[in-house]
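What follows is a set of notes on a single structure, which appears directly below.
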Amino acid sequence: QVQLVQSGGGLVQPGGSQRLSCAANGIIFRIYNMAWYRQTPGKQRELVAVITSSGNTDYAVSVKGRFTISRDNDKNTVYLQMNNLKPEDTAVYYCHTSRLGVENWGQGTQVIVSS
């Protein structure tokens, strides 16, 4: 059974930083591409960042240069380092992976950027 367990998040002031973590269980982590999505009320879930099994990364235009996705295959964990946070980054963030048509999501983590 695949489990993606997220940690991190909470309230942060504009310009601040936060790091989200997502620990994966039940998969051979190193062969999976991993991603972070986010969702705000009334909007579709949007892709924020992705890291492939080989370590290649890609980002949404809105977060490029501010967010960094990384992975630690020894710890089966993917991270999202978020710097220079803006109010528009406020959302529920989800860890995601999929393989052979099977999708798995983390439980979601609220990030609120507000003064």
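The values are calculated or read from the model by the stated rules, or taken from the named source; none is laboratory data. Remember, predicted model here, so these are calculated numbers, not experimental data. Note that each Cβ is placed from the backbone with ideal geometry, even for glycine, and that neighbours are counted across all protein chains shown. Please note that ligands, DNA and RNA were not included when accessible areas were found on the heavy atoms of the full protein model with its side chains. Shrake-Rupley method; radii C 1.70, N 1.55, O 1.52, S 1.80 Å.
Looking at the stretch 100-115, which of its residues are touching a helix residue (DSSP H, G or I) at 6+ places or on another chain (Cβ under 8 Å) and not small (Gly, Ala, Ser)? Matches in the stretch 100-115: Val111, Val113. Can we say Thr68 is closer than 21 Å to Asn104 by Cβ and under 15 Å from the mean Cα position of the chain (by Cα)? No, not satisfied. For the stretch 44-115, the strands (runs of 3 or more DSSP E) that sit wholly inside it and include 2 or more residues that are among the hydroxyl-bearing types (Ser, Thr, Tyr) and open to solvent by less than 40 Å² (accessible area, probe 1.4 Å) are 77-82, 91-99. A count restricted to the stretch 4-30 and to residues that are free of Cβ contacts under 8 Å to residues at least 60 places away in the same chain and either part of a strand (DSSP E or B) or surrounded by fewer than 17 Cβ atoms within 10 Å (Cβ to Cβ) (or both) stands at 6.
All of (1) more than 14 Å from the chain's Cα centre (by Cα); (2) among the basic types (Lys, Arg); (3) under 21 Å from Ser114 (Cα atoms) hold for Lys75 with one exception: (3).
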